[in-house]
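Heads up, the thing below is written out as structure tokens.
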Amino acid sequence: MKLLITGGSGLLGSKVAEIALARGEEVFSGYAHNLPEYGRAVKFDLLDETSISELVGRIEPEVIIHSAALTDVDRCEREKDLAYKMNVEGTRALAKAAEKSASFMVYISSDYVFDGNRGTYCEDDRTDPVSYYGLSKLKGEQFCTGCIARTCVIYGSRPASGKVNFALWLLNSLKSGKPVRVVTDQFITPTLNTNLAAMVLEVADRRLAGVYNLAGATRISRYDFARLMADVFDLDSSLIIPSRMADLKWDAKRPMDSSLATFKANRELVEKPLSVKEALKTLKDEISKNEVR
Ligand SMILES: NC(=O)c1ccc[n+]([C@@H]2O[C@H](COP(=O)([O-])OP(=O)(O)OC[C@H]3O[C@@H](n4cnc5c(N)ncnc54)[C@H](OP(=O)(O)O)[C@@H]3O)[C@@H](O)[C@H]2O)c1
């Protein structure tokens with residue numbers, strides 16, 4: 001399969017590229033600033049429609065996994081124009097190019113399309129984002145005629161796109177004896193990038209169109225997730241200080257409970273959403289393998 005991954009240097013895209021390459025697929029990894037580690041690196045700019053259509057026209061991929069986005073939720077709130085251009089117009093341009101080259105598109109969307117008042121959202125539940133990031137991701141969905149894969153709090157064993165993810169931040173802090181504040185009143189379905197990448201590749205392989213919640217199988221508060229991680233990695237959980245969302249000074253409002261129901265993925269896919277305990281065990285194995293490398 002000839003695959004173009006936008007966001008090939010990112011937390012999800014780098015893992016999709018790594019797994020696809022190991023399977024022998026032909027992988028093109030799109031990036032803007034940070035050179036991707038896996039696949040043939042192709043630089044382009046989501047803000048530039050011409051660079052998007054040229055890239056897709058040149059590669060003619062069978063599948064496009066659109067994972068690139070302005071993912072900084074607070075920055076999207078402060079710089080709405082930029083968020084619109086990248087997440088909405090960039091997606092529109094990519095979808096147009098995908099249609100022209102008859103590529104199947106998988107658009108990576110977000111739990112933030114929901115207001116978070118209820119949680120355990122199914123694919124057809126009513127969307128109502130409370131942040132501009134969420135709104136921009138939702139507006140991007142309308143252009144995708146392939147698969148819209150919604151996910152939630154991605155974590156993984158390595159930094160990507162110049163950033164550490166929640167799990168690495170927590171583990172690094174606990175390892176260095178630094179206390180951390182983690183909210184008790186925000187509920188999520190945390191998603192290991194390896195598990196997510198495998199599910200994304202399956203929907204791409206099988207050309208499954210429509211909305212799919214591709215996320216971890218366990219709904220948990222951020223605080224309990226952090227405690228569980230400390231447990232699995234044998235670190236001092238007393239360094240995790242319970243805090244409330246209202247105590248944190250964010251520019252963007254966050255949904256309280258944006259957990260995603262993964263029944264559909266569990267029913268239809270061979271690659272199943274992992275429980276948080278299974279996923280953390282995998283994370284631990286991956287981190288120890290990285291340390292040996
Ligand atoms: N992370 C989460 O918890 C989470 C939760 C729900 C949904 N999502 C969605 O999942 C997807 C993947 O998220 P992620 O955390 O893996 O992303 P990420 O690590 O923040 O990576 C973002 C990617 O976008 C690329 N990018 C940034 N500006 C670009 C531009 N102007 N032109 C082209 N590419 C550009 C980056 O390339 P450079 O590295 O070269 O800058 C990077 O590869 C996103 O669509 C996000 O909205 C994420």
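Amide H contacts under 5 Å for SER243: VAL182, VAL183, THR184, restricted to partners 5 or more places along the chain or on a different chain, H placed in the peptide plane at 1.01 Å from N. Charged neighbours of ARG75, selected by a Cβ distance under 12 Å, balance to -4 (K, R count +1; D, E count -1). Using θ = phi - 60° in the Karplus curve 6.51 cos²θ - 1.76 cosθ + 1.60, the 3J(HN,Hα) couplings for the stretch 182-198 round to 9, 6, 8, 10, 10, 10, 9, 10, x, 10, 6, 4, 5, 5, 5, 4, 5 Hz; x is entered for Gly and Pro.
For the stretch 22-37, 3J(HN,Hα) computed residue by residue from phi via the Karplus equation (6.51, -1.76, 1.60; θ = phi - 60°) reads 5, 7, x, 6, 8, 10, 10, 10, x, 8, 10, 10, 9, 5, x, 7 Hz, glycine and proline entered as x. About its Cα centre, the dipole of the stretch 144-293 is roughly 260 debye, where the only charges are +1 on Lys and Arg Cβ and -1 on Asp and Glu Cβ. Where both bridge residues fall in the chain, DSSP classifies roughly 10% of the beta bridges as antiparallel.
Scaling the Cα radius of gyration of the stretch 2-292 by the globular reference 2.2 N^0.38 Å produces a ratio of 0.95. Net charge of the neighbourhood of ILE64, taken over other residues with C-beta under 11 Å away and scored Lys/Arg +1, Asp/Glu -1, is -2.
Going 7 Å from the Cα of GLU79 along its beta-carbon direction, which residues of the stretch 90-126 have the amide nitrogen within less than 19 Å of the resulting point? Of the residues in the stretch 90-126, 90-92 have backbone N under 19 Å from the label point off GLU79.
To test your reading of the geometry: what angle, between 0 and 90 degrees and rounded to tens, separates the Cα axis of helix 276-292 from the longest principal axis of the chain? Taking the Cα atoms of the chain, the angle to 276-292 is about 80 degrees. For the pair the stretch 5-80 and the stretch 179-210, the centres of their Cα atoms are 18 angstrom apart. For the stretch 89-167, trypsin sites (Lys or Arg not before Pro) meeting the loop criterion (DSSP other than H, G, I, E, B) and having at most 11 other Cβ atoms within 10 Å: ARG126.
FRET efficiency for the LYS277 to TRP169 pair, using the beta carbon distance and R₀ = 25 Å, is estimated at 0.75.
Considering the convex hull of the alpha carbon atoms of the stretch 31-161, report its projected area averaged over all viewing directions, in nm², one decimal. Mean projected area of the Cα convex hull: 8.4 nm². With respect to the cross-link table entries LYS2/LYS43; LYS163/LYS264; LYS15/LYS175; LYS43/LYS80, which display a Cα-Cα separation exceeding 28 Å? In this structure, LYS163/LYS264 exceed 28 Å between Cα atoms.
Distances between placed amide hydrogens fall under 5 Å for VAL211 paired with ILE148, all partners being 5 or more residues away or on another chain.
Values in this text are rule-based calculations from the coordinates and carry no lab data. Every value quoted in this text rests on a predicted model; they were computed, and no experiment measured them. Using ideal geometry, Cβ is built from the backbone for each residue, glycine included, and neighbour counts are taken over all protein chains shown.
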